[in-house]
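Let me begin by presenting the structure, written as C-alpha cells, before commenting on it.
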Amino acid sequence: MSALVGERTRAGRLGDSITRPDGTAKVQGSFQFSSDLNAENCLWGATLRSPHPSARIVSIDLSAAYRISGVEAIVTAADVPGQATYGLISQDQPVFASDVVRYVGEPIAAVAADHPETCRRALEAIVVVYEVMAPLTDPERVLDGSHPPIHPDGNLIRHQRVLCGDANATGPIVVEGTYEIGMQDQAFLGLEAALALPDPGAAGVELYVATQWLHEDQKQIAACLGLAPAAIRLTLGGVGGAFGAREDISLQVHTCLLALRTGRPVRMHYSREESFLGHVHRHPARIWMRHHATADGLLVKVEARMVFDGGAYASTSSAVLINAVTHTQGPYRCPNAVVDGYAVRTNNLPCGAMRGFGVVQACFAHEGQMDRLAAACGIDPVDLRLRNAMVIGDKLITGQVIENVAPVERCIRETAALPLPDEPVGGHDRNTMRLPGGAGRTADAGHIRRGIGFAVSIKNLMYSEGFDDYSTARCRLADGVVTLKFATSEVGQGFVTIAGQIARSVLGVDEVVLGTIDTGVGSAGSTSASRQTWMSGGAVNAACLKVRGLLFDAVAALYHVDANSLSIEGSDIVGASGALRVSVLEASTGLEFDETVEYRHKPTEDLDDNGQGDCHTAFAFVAHRAVVDVDPELGLVKVIQIATAQDVGRALNPLSVLGQIEGGIAQGLGLAVMEEIIMSEGRVRNPSFTDYLLPTFLDMPSVVVSLIEEPDPIAPLGAKGVGEPPTISSTPAIVAAIRDAIGRPLDRVPVRPIDIIG
Amino acid sequence: MNALVPTQLDEALRVIGTHPDALVVAGGTDAMVEINAGHRRPRMVIAVNRVAELRSWTYDPAGATVRIGAAVTYSELMESPLAELIPALAEASRTVGSPQIRNAGTLGGNLGTCSPAGDGLPVLAALGAVVHLASATRERSLPVSDFMVGVKRTALEADELITAITIPVLAGWQGYSKVGVRNAMVIALASACLATDVTTSSVRLAVGSVGPTIIRCADAEAFAGESVSFARRSATPATVARFGELAAAASHPIDDHRATAAYRRHAVGVLASRLLRRAFPND
Ligand SMILES: Cc1cc2nc3c(=O)[nH]c(=O)nc-3n(C[C@H](O)[C@H](O)[C@H](O)COP(=O)(O)OP(=O)(O)OC[C@H]3O[C@@H](n4cnc5c(N)ncnc54)[C@H](O)[C@@H]3O)c2cc1C
C-alpha cells in the first residue's frame, strides 16, 4: 500500500550516495502516507479522551451517542475482549480507562461512524461523570513518598543505582550543578493513522499502520483482542517520521476493535492536538551531578541523582532510565561513581522513547559539568575533554569494557579542526534577517555577542539488558533479480535505500525488488536505538550471502570449479584463476534461491543492584561545536554553525548519513532553544505547532561534517548506527555557546529568552 | 458548509446583507485554522479574495495617502512601489508567517481577526490609518484605533465588509520590529512600529502583543518629539533609553505560556529604543 512497494530501486552499491526510492514521491506529494489509506465502505474512528489529569470515572452513558444516525459502534473498556492493558515493557496502560483516568488525553471510548463529523458529535454526546482528584505532577512527591499510589503498580517505575570503585574518592576540584530538561515532542509530520480491515466472522484483522515495529504491535494487539498473533496481519502504512513516538501502541487496538465490532473497514487519524496527547514524549528530567577531579582536570568520581518523569504509564521509562544512568560519565574515563536514577509515575503525559533515549538528558548534564570543571581548573574546555577522552579498553561505570572502535579523541580533534564560520555577525551581506530575531529584525549587529561551545557524547546502539534483539530478512534470487523481504519499518531513515545497496553489493545484481513491509516474514525488531542498519542490514547481508553461497555452488557444479574460488566482480561471477567469468544474470537464469535469516547481536546482561553488568552491545561517539549569536538584551539566539565529527564506522550511503546528521542537529537545536511541551497542573498549554515551536530553515545553521570511518569489526557491514548521536551533544554544545556569549550559567533546556536576560 | 464567491463589491455586499451569519474569508489563514480546529462551524462562507475592488490599491499623491483594498496580500505589500510608500508596512509584512501565508494572508484579514499580535496593526496604528467599512446600505470610515475594540473584537457589524484602509504617506524614516522565540514564522511576543514625520517633526510609536489591542505610546511620542533632532538625525543615548522606558510603561501585557508579562514589557522597551536609534542614528 505504500509507494515503496514493488518499486525497483536504482542502481547503487554500498558506499554510493544514491537517492531514496521514496524521495521523489515525498517531495512531490504523491507518497501515500498511512493517513491517505482508504477502503470501500470504510467507517471513521475517533477517540474520546479524558479532560482531567486525575479523576475517578463515576459513569459513562453512551445512549445519546448511539441515537445519532450514522454511529455504528462505540467501544469502552467493557468491550476489550482480551487483556485490558498493554505496554512495551510492563503492561500497565489500559486500552480504555475504566475506573480512573491518569492523564489528560487518556482514551475512554472510541466511536465508529460514517463521517468524521458524526464521530465528533458522537464523542460530544457521550456523557462521562468524573469525580475529579488533585493530580500528582511533581516527581519529587513520588520520591518523598508523600503521595498515595496513583496506579496499582505504584508510583516508582524504577530505581537504579550504579556504584563503581570507591564511593568515598574525591579530588581537589569539585564542581556540581542541577540540570533540567524540558519535555520534547517527536513532532513527526505524518500524524498517527491506521486502516483496519476485518476478516469475515471477526476471525482476524488486517491493519495498515504507521509504526516503528510491526511485530511488537501485532503481539500487543493480539493480546488485547484475545486473538492469536497470526490472526492480526500488519502492513506498514507510509510513515511520516517517528523518532520514538510510534514505538508504543496509540490507535492500533482501538481501530482493530472497531473494525471487528462493525465488520467494516475503519480508518482512524489523529489531529495535531490529539497527537500531542496520543503518543509518549521525551522525559522531562532533573539531574544533579557532582564531579571530582584532579587539579589538572582528570576525573576522579562522578556522583549523580537523576529523576525522570515517566508520566502516567510506564512505556519504556525503565529502559530510558537505564540509558541515562549508564551514560552518566559521558565519553570520559571515570574510575569511581555513585549514581541514583529514578523513573517515576505522575499524572503528566506519559513519556517514553525519543531519539537519544535517556542519553540526551544525561549528556546535557555531564557536558554542563565538563564546562564547569574546565572553568574550575582553568583549562580550555576542548583540552579538558581530550584529557579525559575514553579509549578502547577503558571501563564504563557499569564495569563494561569499551571494545572495538572508540575514536573519542579523533571526534574531538577533528571537530575542533573544522573551519569556523568566516562571516561576521550578520553575514557578509549585513542582512539583519541573519541576526538573532531573524525576520522580526529586532537587532543590529552591534547588539550581538558571539559564543562558541563544545560537547561530546557516547550513545549505546541497539537493545540492552539481556533483550533478545534480532532481525529477520529473506532474500530470493531468480533470473538475475533479487527480491528482499523484511518487516523493517521504514520511517524515513532510509533502510529501503540501504537494503538494495547491500543486495547489489553482495550479489552483483542491478535489479532489487523490495517486498511489502509486513508481518509476512519474521520480526525485524524496532526501528529505534540506531539499530536497523546494523540489525536489519545484518540480516539482509546474511540472507544475501547465503543465497550467494548457493549460487556459487550451482556455478561450481556446472563449470567444475571450486565454489570457494568464486567471487563477485561488478555484475559477474569470476573464478580465482580468471578463467571463469559468467554474469549473475546468466548464472541464475532458470534457478531460484530463497533464504531467510535471523541476525542477532551478541547477548547483553542485566545490571545488578549496583548497576554492574555488560548491559550494552556497542557504542557510537560524536563531538559537536556550536557557534551562536546571541542578543543578550532580548534573549534571542541564532545558531550560526554546527561543526561535527561523528564516529560512523562506515558510511554505507554518505548522503543518508548526512541527512541523519543534519536532521538530528535540527532536533537537538530545537531542544536547546525552543521545543518544549509546557504543562501546568497536568494540562498541556501548547498542543499545536503555533505554540510548540520547531526550528525553521532560518533557525537551522550551516553544518560542517567530518565522517570518521573506522569500520567496527563486530558490525556486519562495519557501519555503526548514525541516527541518534547528532541529536545528543548538539544540544549541550549550543547551550555552551550561549553561556560563552553571555558569560552566565544556563542549566535548563530549552533556554528561554528570560533565562538569557536573567 | 456552502461557499459564495462574489467577484464584484456590490455583489459581495449584497450577499453578506442576506447572510449576516456567514463567515467572511479572505486569505483564510486565520479563518480556516479556526474552522479546522472546530472553533467555528459556519454554514456559509463568503470568499472575498476574488472581489476586484478589494484586491487593488491606489496612491493619491496630492492627499499623500494610499488606499489599500482589504484583500491585498502581504506579498503585494512587500513589493515596490507600495514598499517605498509605506516602508513600515512592508517590513511588518515581511515578518508575517511563511511565503505561503504571505501569499494568501491579507491586511483586511489581519484587521478582521484583530489579534493583539497582528503584525499589520501596529503599523496602521502608528500611521493613523482609516478603515473603510461598507454594507449593502451604508458606508462608514473609522480611525483604526476606534475599529480595534479589544482582543479579537472590532467595530465591524455582521452585515459589513472591510473594504479598504487609507494610510497617510509620511516623509521620514519608519520601521517595524517584532520579537519571537523563533527566527521566522512566529507569533510576536512584543512588537513595535515607529514612524517619523519630518514635516511635523514628530515621532509615532505603536506597540503590539503587550495589551488587549495595539497601544499608541503618547508619552513616548511626546518625549521623543521634544528630545530628538530631526536636522541632525540624532538622539542622545539617554533619550533612546528613556524612550524605551516610556514605551514599556505604556504597555500592559499579561503572563501566558508564550512569555511572561515582565519579559514582554522589557522587550517592547528594547524594541522602541532600537527603532528610535535606527531612525536617529547619530548620538
Ligand atoms: C502559519 C501561520 C502563520 C501566521 N503568521 C502570522 C504572523 O506572523 N503575523 C500575523 O500578523 N499573522 C499571522 N498569521 C495570521 C494570519 O495570516 C493573518 O492574521 C492574516 O492577516 C489574516 O488574513 P486572511 O486574509 O488570511 O484572513 P482570513 O483568515 O480570511 O480572515 C480573518 C478574519 O477576518 C475576517 N475578514 C477577512 N477579510 C474581511 C473583510 N474584507 N471584511 C470583513 N471581515 C474580513 C474574517 O471573517 C475572519 O474573521 C499566521 C497564520 C498562519 C496560519
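The values are calculated or read from the model by the stated rules, or taken from the named source; none is laboratory data. This is a predicted model, so every value here is computed, not measured. Using ideal geometry, Cβ is built from the backbone for each residue, glycine included, and neighbour counts are taken over all protein chains shown. For the accessible areas, the whole protein counts, side chains as well, though only heavy atoms, and no ligand, DNA or RNA atoms are used. Shrake-Rupley method; radii C 1.70, N 1.55, O 1.52, S 1.80 Å.
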Subset tally (residues that are more than 14 Å from chain B (Cβ to nearest Cβ), of a type in the set (A, V, I, L, M, F, W, C) and part of a helix (DSSP H, G or I)) for the stretch A:735-758: 5
The one condition in (1) within 14 Å of the ligand (Cβ to nearest atom); (2) buried (at least 19 other Cβ atoms within 10 Å of the Cβ) that B:Leu82 fails to fulfil: (1)
Residue satisfying all of: in the stretch A:648-686; within 14 Å of chain B (Cβ to nearest Cβ) and touching a Gly at 6+ places or on another chain (Cβ under 9 Å); farthest from A:Pro725 (Cα to Cα) among these: A:Val684
Some residue of the stretch B:144-161 being of a type in the set (Asp, Glu), open to solvent by less than 40 Å² (accessible area, probe 1.4 Å), within 13 Å of the ligand (Cβ to nearest atom) and within 14 Å of another protein chain (Cβ to nearest Cβ): no
Residue pairs meeting the criteria (Cβ under 8 Å; at least 6 apart or on separate chains; first part of a loop (DSSP other than H, G, I, E, B), in the stretch B:85-108; second among the small types (Gly, Ala, Ser) and more than 7 Å from the ligand (Cβ to nearest atom)): B:Ser98/B:Ala184
Selection status of B:Leu124, among the hydrophobic types (A, V, I, L, M, F, W, C), surrounded by 21 or more Cβ atoms within 10 Å (Cβ to Cβ) and either near the ligand (Cβ under 10 Å from one of its atoms) or in contact (Cβ under 8 Å) with a residue 40 or more places away in the chain (or both): yes
Residue among A:Ala623, A:Ala666, A:Ala672 that alone is touching a strand residue (DSSP E or B) at 6+ places or on another chain (Cβ under 7 Å), at pLDDT 95 or above and over 22 Å from A:Ile754 (Cα atoms): A:Ala623
Filter pass, B:Ala117 being within 14 Å of the ligand (Cβ to nearest atom), more than 15 Å from B:Asp30 (Cβ to Cβ) and outside any helix (DSSP H, G or I): no
Identity of the residue in the stretch B:166-181, over 18 Å from B:Val270 (Cβ atoms) and not hydrophobic (A, V, I, L, M, F, W, C), that ends up farthest from the other protein chains (Cβ to nearest Cβ): B:Thr166
Selection from the stretch B:85-110 of residues that are near the ligand (Cβ under 7 Å from one of its atoms) and closer than 15 Å to B:Ala71 by Cα: B:Ile101, B:Ala104, B:Gly105, B:Thr106, B:Leu107, B:Gly108, B:Gly109, B:Asn110
Within the stretch B:162-175, tally of residues that are outside any loop (DSSP other than H, G, I, E, B) and open to solvent by 30 Å² or more (accessible area, probe 1.4 Å): 1
Filtered residue count, the stretch A:139-150, keeping only those that are in contact (Cβ under 8 Å) with a residue 60 or more places away in the chain and surrounded by 16 or more Cβ atoms within 10 Å (Cβ to Cβ): 4
Qualifying residue in the stretch A:431-450 (condition: within 18 Å of A:Ile742 (Cα to Cα) and in a strand (DSSP E or B)): yes
Count of the stretch B:240-256 residues which are touching a Ser or Thr at 6+ places or on another chain (Cβ under 8 Å) and either within 22 Å of A:Glu675 (Cα to Cα) or part of a loop (DSSP other than H, G, I, E, B) (or both): 1
Selection count, the stretch A:715-724, where residues are more than 21 Å from the chain's Cα centre (by Cα) and open to solvent by 10 Å² or more (accessible area, probe 1.4 Å): 2
Hits in the stretch A:115-128 (condition: away from chain B (no Cβ under 14 Å) and either open to solvent by 60 Å² or more (accessible area, probe 1.4 Å) or part of a loop (DSSP other than H, G, I, E, B) (or both)): A:Ile126, A:Val127
Residue, least open to solvent (accessible area, probe 1.4 Å), within the stretch A:376-388, restricted to residues that are aliphatic (A, V, I, L, M) and in contact (Cβ under 8 Å) with a residue 60 or more places away in the chain: A:Leu384
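Only residues that are more than 26 Å from the chain's Cα centre (by Cα) and within 30 Å of A:Gly263 (Cβ to Cβ): list them for the stretch A:144-203, please.
Result: A:Leu197, A:Pro198, A:Asp199, A:Pro200, A:Gly201, A:Ala202, A:Ala203.
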Checklist (1) open to solvent by 40 Å² or more (accessible area, probe 1.4 Å); (2) part of a helix (DSSP H, G or I); (3) polar (S, T, N, Q) applied to A:Thr727, failing item: (1)
A:Asp712 more than 14 Å from chain B (Cβ to nearest Cβ) and open to solvent by less than 10 Å² (accessible area, probe 1.4 Å): yes
Any hit, the stretch B:207-223, residues being surrounded by fewer than 21 Cβ atoms within 10 Å (Cβ to Cβ), under 20 Å from the mean Cα position of the chain (by Cα) and part of a strand (DSSP E or B): yes
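Looking at the stretch A:322-354, which of its residues are charged (D, E, K, R) and open to solvent by 10 Å² or more (accessible area, probe 1.4 Å)? Before you say what the answer is, go through the steps one by one.
Here is the first cut: in the stretch A:322-354, the residues charged (D, E, K, R) are A:333, A:340, A:345.
Correct list: A:Arg333, A:Asp340.
Of the residues B:Ala47, B:Ala22, B:Ala31, which single one is more than 8 Å from the ligand (Cβ to nearest atom), under 24 Å from the mean Cα position of the chain (by Cα) and in the same structural domain as B:Pro81 (by TED's automatic domain parsing)?
B:Ala47
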Index of the failed condition, B:Leu133 passing every other in (1) away from every other protein chain (no Cβ under 14 Å); (2) out of contact with any Phe, Trp or Tyr (no Cβ under 7 Å at 6 or more places or on another chain); (3) closer than 27 Å to B:Ala220 by Cα; (4) not in a helix (DSSP H, G or I): (3)
